[in-house]
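This report concerns only the one structure given below.
The values are calculated or read from the model by the stated rules, or taken from the named source; none is laboratory data. Keep in mind that what you see is a predicted model, and the values were worked out from it rather than measured. All Cβ positions, glycine included, derive from the backbone under ideal geometry; neighbour counts span all protein chains shown.
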C-alpha cells in the first residue's frame with residue numbers, strides 16, 4: 001500500500017487532508033492514484049492512519065482518514081553517530097539505518113574522514129540525506145521520521161557520549177565482544193548511542209577520547225568490516241537483542 005507523510009499536521013480519523021505539494025505529482029502521475037484507492041498517511045511523529053483517496057488531480061490529492069495504524073517503531077531509541085564516508089556510501093548507510101529502526105543519525109568528521117566539504121556542500125547533503133531518510137521510512141512504513149542532524153566535528157560528538165550508553169565498534173578491540181555484551185539486559189532507559197568510524201577506522205587517539213568520555217569499545221567478530229557494513233551490522237545486532245528484531249514481538 002502506498003505510504004505518504006504529512007508532517008506538522010494532526011491526523012484525525014474521519015477528517016479529510018491534502019497530500020503535500022511535493023507528493024502530488026508522484027501520487028497523480030507516477031502512481032496514478034484515483035478516487036477510492038487505499039493509502040496510508042503518517043505524521044512523521046509516530047502516528048499513521050489508513051486512508052482513502054477522495055480526489056486526485058494535477059493540482060490536489062485529498063485523502064479521507066480512517067483507522068489508526070499500529071506503529072512499526074522499536075522500543076529502543078538508537079542514535080547512529082556515523083563518521084563521514086566517501087561517495088554515495090552515506091546514502092546507503094542512512095537508508096539501511098532508517099529501515100532498521102534508528103531514531104536519529106548524526107554525521108560527524110574524524111581525522112580519517114575523506115570528505116572535507118564546506119558549509120554549503122554540507123547543507124546540500126543534509127537535504128539529500130533527509131530525503132533519503134523520508135523515502136526509506138515510507139518504504140518500510142514507519143510512522144516516525146528519523147532526524148538527520150547537520151554534520152558536526154568530533155569534539156562536538158565527544159561531548160554527547162555521557163548522555164546515553166555509548167558503544168563503539170573498533171577493529172583493534174580483541175577482548176570485548178558486542179555479542180557477549182548484548183546478552184546482558186539493557187537498562188530501563190531504552191536508548192543507546194552507536195559510534196561507527198570512517199574508512200580506515202577510528203584513530204587510536206579518537207578511541208581513547210571516546211572511552212575516556214564514557215563509551216564502551218567492542219568488536220563485531222573476526223572480520224574487518226567496511227564502514228557501511230559495520231553500521232548495518234551493529235544496528236541489527238543491537239535491535240535484535242534490545243529492540244524489535246528478535247522476532248519475539250507481534251508483527252504488525
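Tabulated data
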{"quantity": "Number of positions in the range 172-185 that are crowded, with 16+ Cβ neighbours inside 10 Å and either free of Cβ contacts under 8 Å to residues at least 12 places away in the same chain or in a loop (DSSP other than H, G, I, E, B) (or both)", "calculated": "2"}
{"quantity": "Checklist (1) touching a residue at least 24 places away in the same chain (Cβ under 8 Å); (2) surrounded by 15 or more Cβ atoms within 10 Å (Cβ to Cβ); (3) touching a strand residue (DSSP E or B) at 6+ places or on another chain (Cβ under 7 Å) applied to residue 67, failing item", "calculated": "(2)"}
{"quantity": "Failed item, numbered, when residue 133 is tested on (1) in contact with a helix residue (DSSP H, G or I) (Cβ under 8 Å, 6 or more places away or on another chain); (2) under 18 Å from residue 110 (Cα atoms); (3) surrounded by 19 or more Cβ atoms within 10 Å (Cβ to Cβ)", "calculated": "(2)"}
{"quantity": "Test result for residue 238, farther than 27 Å from residue 122 by Cβ and surrounded by 21 or more Cβ atoms within 10 Å (Cβ to Cβ)", "calculated": "yes"}
{"quantity": "Considering residues of the range 72-82 that are touching a strand residue (DSSP E or B) at 6+ places or on another chain (Cβ under 7 Å) and in a loop (DSSP other than H, G, I, E, B) only, the residue surrounded by the most Cβ atoms within 10 Å (Cβ to Cβ)", "calculated": "76"}
{"quantity": "Test: residue in the range 121-129 that is in a loop (DSSP other than H, G, I, E, B), touching a residue at least 12 places away in the same chain (Cβ under 8 Å) and either surrounded by fewer than 20 Cβ atoms within 10 Å (Cβ to Cβ) or not assigned by TED's automatic domain parsing to the domain that holds residue 228 (or both)", "calculated": "no"}
{"quantity": "Matching option when the condition is touching a strand residue (DSSP E or B) at 6+ places or on another chain (Cβ under 7 Å), outside any strand (DSSP E or B), within 15 Å of residue 144 (Cα to Cα) and outside the structural domain of residue 194 (by TED's automatic domain parsing), among 11, 33", "calculated": "11"}
{"quantity": "Residue in the range 83-97 that is part of a strand (DSSP E or B) and closer than 21 Å to residue 166 by Cα present", "calculated": "yes"}
{"quantity": "When residues of the range 40-61 are limited to those that are under 28 Å from the mean Cα position of the chain (by Cα), buried (at least 20 other Cβ atoms within 10 Å of the Cβ) and without any contact (Cβ under 8 Å) to a residue 40 or more places away in the chain, the one farthest from residue 11 (Cα to Cα)", "calculated": "51"}
